[in-house]
Amino acid sequence: MTGERERVNGTGRGPTAVLLSPRPAVVAAARRVGARTVVVAPGPPVPSDREGAERRVPADWRDHRRLVGAVGRLEAVRRGHARVFGFDPAAALAAARANEALSLPGTPAAAVTALMDKAALRARSNALHAARPVSFVRCGRAALLPFLAGLIGFPCVVKPRAGALGEGVRLLAGPAGAATAVRDYPEVTDLLVQEYLEGPELAVEAVSRGGRHRILGWTRRIPGPGTATTATGYDLPVALAAGTAEAVRALVRGVLDLAGHRDGPSHTEVVLTPHGPRLVEAHASPEPRSSSSCSASPTAPTCSPSPSPPDWACPTRCTTCAPPTPGCGTWTSRPAPASSGPTGDRQPPAPCRGWSGCGWRSRRARRYAGPRPARCTTPTSSPPPRRRSP
């Protein structure tokens, strides 16, 4: 018990999480579960240092040799009790390459690259629904956009083959828009032109370990006014029919398997079309707007993204929590009926448990999460009665 408390409090020799330019919430989450945190970031100190990172390594992690050289000197890395984490597509690839070079656990760099290649991923994902695949074609010259867009049919979407986070995405409504888009890209380029997928878009967060993928939750994308390529926010909770929920889970797990993703977080965007869910894109990192909670083990820490509580766990928004926290109190949610949750367990709505700022938490959760935040003045429900030990 003493050793466990030392690891949780950060005073023992628990596993080490090497974080590449993390946000403060990531460092705080890693420390709450007992991981020793090392922040690798270029330039001057970052806000993550104020969240209690035990060590800061000033290095440009975009340079593979510098990153391996700086991280390889850490004692925990030499003992194999560490892992490098990245929290955006570029950092995830750098982390995967570093883990391979230092013989640390993690998803292979080839799998991270496969998820970033939109053309190859689209071809692989079409095999999951061969009866109604998504039409697409690669474009190497911007001048060919009007011709290729006409082959696919309007409306269609143009995006860089290796882009991320909506970078360079264009919706072409007709030939005039295709002619205008020619000027938005370099003359020699690498683009993907695909049919427009009509329907609600979900952001699905998952965590994998040893090739087993656990779906943590999903949110619905709220499109911006007058455009389908930007979002103004995400809606939560999202109640799906049992068949639709199972199809989403099967698609996400199939895409991760085809890419060879085995360990760590992933973010997948899916559109619920009339023909079933279809892939938009996927990355081997949590969604940048999400908060993260990292769970570590003495041999291989695993970072699992948590954009919000699971979509069946927060039936009612807690409006009187103070101070605001990244739990239910900061998400616009509404009552949801009993439905199949992302993990496949059919559960009725229940108040949040273990999420700061909403409802209550067990003593075990408080022990791992640190000091208890301010309790809601109007909790969604009362905690169950405590059982007295005989």
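The values are calculated or read from the model by the stated rules, or taken from the named source; none is laboratory data. Because the structure is predicted, anything quoted here is derived from the model rather than measured. Neighbour counts run over all protein chains shown; Cβ positions are idealised from the backbone, glycine included. The area values use the complete protein model at the heavy-atom level, side chains included, leaving out ligands, DNA and RNA. Shrake-Rupley method; radii C 1.70, N 1.55, O 1.52, S 1.80 Å.
Descriptive notes on the structure:
- Test for A162: is it touching a His at 6+ places or on another chain (Cβ under 6 Å) and within 18 Å of H283 (Cβ to Cβ): no
- Of all the numbered requirements in (1) of a type outside the set (K, R); (2) modelled with pLDDT under 95; (3) surrounded by 13 or more Cβ atoms within 10 Å (Cβ to Cβ), E187 misses one, and that requirement is (3).
- Residues considered: R141, R122, R161. Of these, the only one that is in contact with a Lys or Arg (Cβ under 9 Å, 6 or more places away or on another chain) and of a type outside the set (V, I, T) is R161.
- Options L258, L197: the member that is open to solvent by 10 Å² or more (accessible area, probe 1.4 Å), under 17 Å from L128 (Cα atoms) and in a loop (DSSP other than H, G, I, E, B): L197
- Residues that are without any contact (Cβ under 8 Å) to a residue 24 or more places away in the chain, more than 24 Å from P15 (Cβ to Cβ) and within 24 Å of the chain's Cα centre (by Cα), drawn from the stretch 86-139: T113, A120, A123, N126
- Residue within the stretch 278-288 that is at pLDDT below 95 and basic (K, R) present: no
- For A110: the one exception among (1) touching a Gly at 6+ places or on another chain (Cβ under 7 Å); (2) among the hydrophobic types (A, V, I, L, M, F, W, C); (3) surrounded by 17 or more Cβ atoms within 10 Å (Cβ to Cβ): (3)
- For the stretch 161-184, the candidate set comprises residues that are part of a strand (DSSP E or B) and open to solvent by 20 Å² or more (accessible area, probe 1.4 Å); within that set, the residue that is nearest to D88 (Cα to Cα) is R170.
Rundown of residues vs (1) in a helix (DSSP H, G or I); (2) open to solvent by 20 Å² or more (accessible area, probe 1.4 Å); (3) under 18 Å from A206 (Cβ atoms), yes/no style:
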{"position": "R65", "(1), (2), (3)": "yes, yes, no"}
{"position": "V84", "(1), (2), (3)": "no, no, no"}
{"position": "A92", "(1), (2), (3)": "yes, no, yes"}
{"position": "P105", "(1), (2), (3)": "no, yes, yes"}
{"position": "L115", "(1), (2), (3)": "yes, no, yes"}
{"position": "R132", "(1), (2), (3)": "no, yes, no"}
{"position": "R138", "(1), (2), (3)": "no, yes, no"}
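- Scanning the stretch 200-227 for residues that are in a strand (DSSP E or B) and among the β-branched types (V, I, T), we see that the one that is farthest from the chain's Cα centre (by Cα) is I222.
- Contacts under 6 angstrom Cβ, first residue in the stretch 17-40 being farther than 20 Å from N99 by Cβ, partner among the polar types (S, T, N, Q) and in a helix (DSSP H, G or I), 6 or more apart: P24/S48
- Residues in the stretch 149-160 that are open to solvent by 20 Å² or more (accessible area, probe 1.4 Å) and either assigned to a helix (DSSP H, G or I) or closer than 18 Å to H267 by Cβ (or both): 4 in all.
- Selection of the stretch 1-57 for residues being of a type in the set (S, T, N, Q), open to solvent by 50 Å² or more (accessible area, probe 1.4 Å) and either modelled with pLDDT of 80 or more or closer than 15 Å to A70 by Cβ (or both) yields only S21.
- The set of residues in the stretch 214-230 being open to solvent by 50 Å² or more (accessible area, probe 1.4 Å), modelled with pLDDT of 70 or more and either within 15 Å of E287 (Cβ to Cβ) or in contact with a Gly (Cβ under 8 Å, 6 or more places away or on another chain) (or both) consists of R220, I222.
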